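These notes concern the structure reproduced below.
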Amino acid sequence: MAIQAPEGTKDLLPGEAQYWEDFKRIAADIFARYGYALIDTPIFEQTELFVRGIGEATDVVAKEMFQTLSGENLKKLIAGDPVKSKSRLSLRPEGTAGVVRAVVQHDLVPQGAPPTKLMYAGQMFRAERPQKGRQRQFNQIGVECLGAEAPSVDAEVIIMLMRFFEAIGIPTALTHLLINSLGCDECRPLYREKLYSYLKDNAAHLCDECLRRAETNPLRAFDCKNPACATAMENAPKMTDCLCASCKEHHEQVKSYLDASEITYTQESRLVRGLDYYTRTVFEVQVSEGLGSQNAIGGGGRYDKLAEEVGGRPTSGLGFALGYERCVLALQATGFEFPPACVCDAFIACVDTTVQGVAFSLLQALRDAGLNCEMDHQNRSLKSQFKLADKLKATLVFILGPDEVQSGKVKVRNMETHAEELLDLAEILQADSKEEVIKNIRRYDSIWQDKKPIS
Ligand code: HAM
């Protein structure tokens, strides 16, 4: 059997690979309005970064990391020799820990400086059980804002995410924004205690995994998909009832900024997110169609302790990441199709093989001028060349025959209106910009009409 792509991975074929580029460009355009600049960090990091940053007891770190070693270190491990901690590497399961590590390493938020706003796009790796919307290698776009405490920044980040979903065409009516606060070092330990007691009191209704979670990280019990656990957790104490005064104030202000911006959200006290670095604001955007159980298309929150956790000075931070593949599934549920991978502005058709040399020069001249062009290289009949031009959805076809070449002309046809004109071949061959070519064609109203014939 032919070798297949590894389980849980997906090839982005030409139409989709181009769309991924467009998707990143739309994000970069929108996020730039809010001051975000691109950062690119390694796809693998020291395992310790994720253990300390994301949390040892999270599913992401405990069960889903692709850990990796160089061949040499693998041999050492097999032989039972010690492998240094910095040689133990893992493919990144998410982008936040790496970005915060880079911010600390390069001192991107010097004391007293304004916040640093960063965005990234790329592959993440989680060894989860693959299913619709859940892959082992997937693409995320994320943003991280370091050095900002104000609740208005939390609201700004959430608004930016919602604007992006609108811009790519996910209808607002299908998105559902959930928000919560997970408190801080002052109020969360007290809440944890309360929740721990609740889990112990309700042990009879909880699965073994939740009972284990009660000991390591009781908040994770809210993530359990077991229906009996979900029912038992409905009456669990709520973090929002246990927030200290300053977390409460922060949370109320985030919500009032969202209200003022007419962003619809639901306060969801069971929203705890699967990564341990969060403090205060957490949020998630879910869609109601196209995704089944993996319905979160994006999520994020504040992580005011993460920089310290990875060895930096105290620096507040917040951000989000959105899943490219899940966004595509949500779009496809509304009838979306990938745009064509390549736009063909012009096709050069030869009446016979005697003009192929001139056609080849014309092809290069048009490409050098900036047009996307094609011609047939297989001596097809004129009829078949037109079929090919149709297939490529060419806007214009340049037709060259011995008569045209003799008189220094080339016929050009607008494939939508079928209007044709004779153009001066030398002028086209000498044009050195797309604009000049267009200017030449534009003189002929029947070709140009009211519409722009060239992309
Ligand atoms: P996350 O919720 O783990 O957050 O992932 C963000 C998004 O990535 C999810 O909403 C989902 O769309 C997508 N995603 C996650 N896992 C998979 C998967 N296995 N297959 C396909 N898509 C997936 C984070 O990663 C945080 N770093 C977000 C953040 C940034 N928080 C603060 N700053």
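Some observations on this one:
- Accessible surface of LYS84, taken over heavy atoms with a 1.4 Å probe and every protein chain present, rounds to 140 Å².
- Mean Cα-pair separation over length for the chain, i.e. relative contact order, pairs under 8 Å, 6 or more apart, %: 14 percent
- Separation between Cα centres of the stretch 272-309 and the stretch 13-46, rounded to whole Å: 19 Å
- When shorter helices are ignored and each DSSP H run of at least 4 residues is given -39500 (n - 2.57), the per-residue value for the chain at 222 nm works out to -11000 deg cm²/dmol.
- Rotationally averaged projected area of the stretch 307-455 (alpha carbon convex hull; nm²): 15.2 nm²
- Residue pairs, from the table LYS63/LYS86; LYS132/LYS225; LYS84/LYS305; LYS10/LYS225, whose Cα atoms sit over 22 Å apart: LYS84/LYS305; LYS10/LYS225
- With 0.36 nm allotted per residue and the present C-alpha distance subtracted, the ASN379-GLU7 stretch has 129.6 nm of extension available.
- Scanning residues 5 or more positions from THR281 or on other chains, those with amide H under 5 Å from its amide H are LEU182, ARG302, with H placed 1.01 Å from N in the peptide plane.
- Globularity ratio of the chain, using Cα Rg and 2.2 N^0.38 Å: 1.27
- Taken as Cα centroids, the stretch 361-407 and the stretch 193-231 sit 68 Å apart, rounded to the nearest whole angstrom.
- The Rg/Rh ratio of the stretch 260-318, with both radii computed over alpha carbons and Rh defined as the Kirkwood radius, is 1.06.
- Spherically averaged projected area of the stretch 6-76 from its Cα convex hull (nm²): 7.8 nm²
The values are calculated or read from the model by the stated rules, or taken from the named source; none is laboratory data. From a predicted model like this one, the values you see are computed outputs, not experimental measurements. Heavy atoms of the whole protein, side chains included, go into the accessibility calculation; ligands, DNA and RNA do not. Shrake-Rupley method; radii C 1.70, N 1.55, O 1.52, S 1.80 Å.
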